[in-house]
Amino acid sequence: MANSINTNVGAYTALASLRLTQASLNSASKQMQTGYRVADAADDASTFSVAQGIRANLQAYTAIQGSLASGAGLGSVTQAALTNISDLIGNMQAKITQLADGSISNDQRTIYTGDYNALTSQISNFIAQANYNGVNLLSAGSASKTFLADTNAATLTISSQSSVGAAFTTFTGAAAITSASASATALNDLSTFQQAVATSLGASAADTRTLSLQSNFVNAIVDATTTGLGAIVDADIGKASALVQAQQVRQQLGIQSLAIANQQPTVLLGLFR
């Protein structure tokens with residue numbers, strides 16, 4: 001190859017190699033810094049576009065997860081209230097039966113009546129406190145609530161159990177238990193209330209189970225989608241780290257090669273001495 005003082009071919013070759021090394025080093029360093037093999041469109045436009053679409057789906061699923069979690073919370077609160085009410089109904093039945101006994105003294109009747117009223121008050125509290133995020137499905141006049149189930153805007157419903165509140169109002173509005181006949185009436189009203197509670201407990205449990213199953217399914221989809229997204233865009237940090245070290249060595253060698261090539265004009269000057 002001819003020597004020239006106008007064009008330093010060796011320097012150009014070394015500089016071109018150094019540029020390639022620097023580009024590879026920058027790419028590997030970017031992967032280590034961001035954790036992504038494809039961090040933006042400049043890395044891989046088509047893959048980045050696909051990843052953005054997947055990320056949009058994940059955001060939609062996040063909204064669905066929140067809605068289903070809210071529904072499951074409402075269902076759990078409702079079931080807890082209904083279960084506690086159901087537990088107290090047996091105690092109330094026993095107190096009403098005791099009040100039907102005509103042989104008890106007035107003092108005993110007062111004690112039983114006080115205990116019965118306390119139980120009634122507690123059930124009233126359970127109904128009033130079955131509140132989740134401002135919604136109470138047990139109160140009279142309450143409406144059913146719907147929650148997002150998928151990205152196509154399908155919904156799942158937790159039905160109102162207002163029949164419990166209405167039945168309790170009817171039960172507590174009955175005449176005071178002062179005789180055997182009043183006790184029989186109270187037991188009949190309590191049976192109606194008990195049936196309303198049992199029906200609502202079963203319906204609420206079914207609705208909540210459906211929400212929980214859908215929530216588990218959506219969580220599984222999110223996990224699988226997130227894993228797939230990672231396979232598309234995540235960087236292999238170990239590989240990137242090794243590549244950075246290798247390119248740093250190449251960079252040093254390239255700089256040295258460029259320095260050697262740049263000595264060529266000096267060599268040519270020696271020919272004229």
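The values are calculated or read from the model by the stated rules, or taken from the named source; none is laboratory data. Since we're looking at a predicted model, the values are computed, not measured. For neighbour counting, all protein chains shown are included, and Cβ atoms are generated from backbone atoms with ideal geometry for every residue, glycine included.
Tabulated data
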| quantity | calculated |
| --- | --- |
| Neighbours by Cβ (under 6 Å, 6+ apart or cross-chain): first from segment 24-35, part of a helix (DSSP H, G or I); second β-branched (Val, Ile, Thr) | Ala28/Val244; Ser29/Val244 |
| Residues being in contact with a helix residue (DSSP H, G or I) (Cβ under 8 Å, 6 or more places away or on another chain) and either modelled with pLDDT of 95 or more or under 18 Å from Ala51 (Cβ atoms) (or both) - total across segment 219-235 | 9 |
| Leu68 vs. criteria assigned by TED's automatic domain parsing to the domain that holds Phe126, within 30 Å of Thr225 (Cα to Cα) and not hydroxyl-bearing (Ser, Thr, Tyr) | yes |
| Residue within segment 97-110 that is β-branched (Val, Ile, Thr), without any contact (Cβ under 8 Å) to a residue 24 or more places away in the chain and in a helix (DSSP H, G or I) present | yes |
| Candidate set from segment 231-261 (those that are among the small types (Gly, Ala, Ser) and surrounded by 12 or more Cβ atoms within 10 Å (Cβ to Cβ)); member that is farthest from Val77 (Cα to Cα) | Ala261 |
| Selection count where residues are within 29 Å of Gln65 (Cα to Cα) and either aromatic (Phe, Trp, Tyr) or assigned to a loop (DSSP other than H, G, I, E, B) (or both), scope segment 154-170 | 4 |
| Complete set of residues in segment 57-100 that are in contact with a strand residue (DSSP E or B) (Cβ under 8 Å, 6 or more places away or on another chain) and under 23 Å from Ser191 (Cβ atoms) | Thr78 |
| One residue from Thr151, Thr146 being of a type outside the set (Asp, Glu), under 14 Å from Gly71 (Cβ atoms) and within 28 Å of the chain's Cα centre (by Cα) | Thr146 |
| When residues of segment 36-62 are limited to those that are without any contact (Cβ under 8 Å) to a residue 40 or more places away in the chain and assigned to a loop (DSSP other than H, G, I, E, B), the one nearest to Ala242 (Cα to Cα) | Asp43 |
| Some residue of segment 200-217 being in contact with a Lys or Arg (Cβ under 6 Å, 6 or more places away or on another chain) and of a type in the set (Val, Ile, Thr) | no |
| Only one of Ala130, Ala154 that is among the aliphatic types (A, V, I, L, M), surrounded by fewer than 13 Cβ atoms within 10 Å (Cβ to Cβ), without any contact (Cβ under 8 Å) to a residue 60 or more places away in the chain and in the same structural domain as Ala80 (by TED's automatic domain parsing) | Ala154 |
| Residue check for Val9: at pLDDT below 80 and among the β-branched types (Val, Ile, Thr) | yes |
| Residues being modelled with pLDDT under 85 and among the charged types (D, E, K, R) - total across segment 80-106 | 1 |
